[in-house]
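Engineer: Before anything else, here's the structure in question.
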Amino acid sequence: MNRNYSQLPPVVKHLLIINVLVFMATAMLPIGQQIQQWGALALGTPWFHTYQFFSYMFLHANFEHLFFNMFALWMFGRTLEYELGSQRFLIYYMACGVGAALVQYGVALLLGELPLVLVGASGAVMGLLLAFGVMHPNATIMLMLPPIPMKAKWFVIIYAVIELFLGWRGVGQVAHFAHVGGMLWGWALLYYWKRRGEIYY
């Protein structure tokens, strides 16, 4: 079957649209702050609801946060959706996002860092990055800073090690273990599907 990789497949397209619309709503509507409060994953607070494990993925702290996540979704998601199929791709994306939050929650419990509020698609996006590195290990990725080419497999390994280090050191306000969690859940799903003969790479 011929595939036009220049066109956005449906799940990636709709994820991009939903994320942008939600960001515009939180930034421009009078109830934007309430949307942020209802949708953010508010672990260890009276505002926590189970649905927030899903809704937090569609909220972003600022434009930079949104831009880089959506850029990565566009960059890696197109190829992966065509290869995995739209339904499996959506399952993968959402599972990585939920799994990322669960890993961050577990670490926060162990380290006594609750309450904790999470927003952003970063965990799901890190799962996409992991999948691209696993399925296309020798593909070349051009880094933005510094602008040097690197094979996907090495980029994924280096990025994961850096995230583990930053998370262990507690650097910044970024949920580093959520990034690692998205990668771990992504790897587990790909391994499971491959063992069942449902995907090949």
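Engineer: Between beta-carbons, use under 15 Å as the cut-off and find the net charge around W193, counting Lys and Arg +1, Asp and Glu -1. Numbers along the way, then the final one.
Structural biologist: Numbers: positive: R88, K194, R195, R196; negative: E81, E83, E198.
With Lys, Arg at +1 and Asp, Glu at -1, the net is +1.
Engineer: Taking only DSSP H segments of four or more residues, each worth -39500 (n - 2.57), what value at 222 nm results for the chain once the sum is divided by all its residues, to the nearest 500 deg cm²/dmol?
Structural biologist: Details: 8 runs with 131 residues, N = 201.
So the helix-based figure for the chain works out to -21500 deg cm²/dmol.
Engineer: Whats the longest run of the chain with zero GluC sites (Glu not before Pro) that are DSSP loop and have at most 15 other Cβ atoms within 10 Å?
Structural biologist: Values: sites that count: E113, E198.
The segment 1-112 is the longest one with no such site.
Engineer: Suppose all protein chains stay in the model; what accessible area per residue would a 1.4 Å probe give for the chain, in Å²?
Structural biologist: Dividing the accessible area of the chain by its residue count gives 56 Å².
Engineer: Also: Once whole DSSP H runs in the chain are found, which of them have Cα atoms spread over 24 Å or more along the helix axis and a mean Kyte-Doolittle score of at least 1.0? Show your work: numbers first, answer last.
Structural biologist: Working: long enough: 10-28 (27 Å, 1.82); 63-84 (30 Å, 0.45); 86-111 (38 Å, 1.27); 152-169 (26 Å, 1.29); 176-195 (29 Å, 0.13).
Qualifying helices, which must be both long enough and hydrophobic enough, are 10-28, 86-111, 152-169.
Engineer: What accessible surface, in Å², does a 1.4 Å probe find on T45, ignoring ligands, DNA and RNA and rounding to the nearest 10?
Structural biologist: Counting only protein heavy atoms, the figure is 30 Å².
Engineer: Just going by the charge dipole of the chain, with Lys and Arg at +1 and Asp and Glu at -1 on Cβ, which of Q7, A95, Y159 is farthest out on the positive end?
Structural biologist: Value: Q7.
The values are calculated or read from the model by the stated rules, or taken from the named source; none is laboratory data. All of these numbers come straight from a predicted model, not from anything done at the bench. All Cβ positions, even for glycine, are placed from backbone atoms using ideal geometry, and neighbour counts span all protein chains on display. The area values use the complete protein model at the heavy-atom level, side chains included, leaving out ligands, DNA and RNA. Shrake-Rupley method; radii C 1.70, N 1.55, O 1.52, S 1.80 Å.
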